[in-house]
Amino acid sequence: MTASETDLPPDTGDTTISGLTRITFNAPGRTVTALNALTTASGDNRTNVINTALRLAATLLTFERPDGTVHILANDGTPHVLHLP
């Protein structure tokens, strides 16, 4: 944790907080490959792709079942089960 991170107030889940926070993380090869694929597919830059992916992950967690899965029904009616880490 950097000095700037320790100066931040605790996360309250308040989504009305504005402003930017610079965050650095180490991405393994598979993550970089996925990031590049999403960037190419969406046409967005890396920052926007990461922001969207984090919001999507947070949304998926709200639908998580007690067994750690999310059930999705595709447009063609095919059921899919995601196992969240």
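For region 69-80, name all the residues that are of a type in the set (A, V, I, L, M, F, W, C) and either loosely packed, with under 10 Cβ neighbours inside 10 Å or part of a helix (DSSP H, G or I) (or both). If the condition is that a residue be of a type in the set (A, V, I, L, M, F, W, C) and either loosely packed, with under 10 Cβ neighbours inside 10 Å or part of a helix (DSSP H, G or I) (or both), then Leu73, Ala74 are the ones that fit.
Taking first residues from region 22-40 that are more than 13 Å from Ala53 (Cα to Cα) and of a type in the set (S, T, N, Q) and partners that are modelled with pLDDT under 95 and outside any helix (DSSP H, G or I), no Cβ contact under 8 Å between residues at least 6 apart in sequence or on separate chains turns up.
Does at least one position in region 47-68 carry a residue that is small (Gly, Ala, Ser), more than 23 Å from Val81 (Cα to Cα) and surrounded by 11 or more Cβ atoms within 10 Å (Cβ to Cβ)? The answer is no, given that none of the residues of region 47-68 is small (Gly, Ala, Ser), more than 23 Å from Val81 (Cα to Cα) and surrounded by 11 or more Cβ atoms within 10 Å (Cβ to Cβ). Is it the case that some residue within region 43-60 is hydrophobic (A, V, I, L, M, F, W, C), more than 24 Å from Phe25 (Cα to Cα) and free of Cβ contacts under 8 Å to residues at least 60 places away in the same chain? No, because not a single residue in region 43-60 is hydrophobic (A, V, I, L, M, F, W, C), more than 24 Å from Phe25 (Cα to Cα) and free of Cβ contacts under 8 Å to residues at least 60 places away in the same chain.
The values are calculated or read from the model by the stated rules, or taken from the named source; none is laboratory data. Keep in mind it's a predicted model, so treat the numbers as computed, not measured. Reconstructed Cβ throughout: ideal geometry from the backbone, glycine too, with neighbour counts over all protein chains shown.
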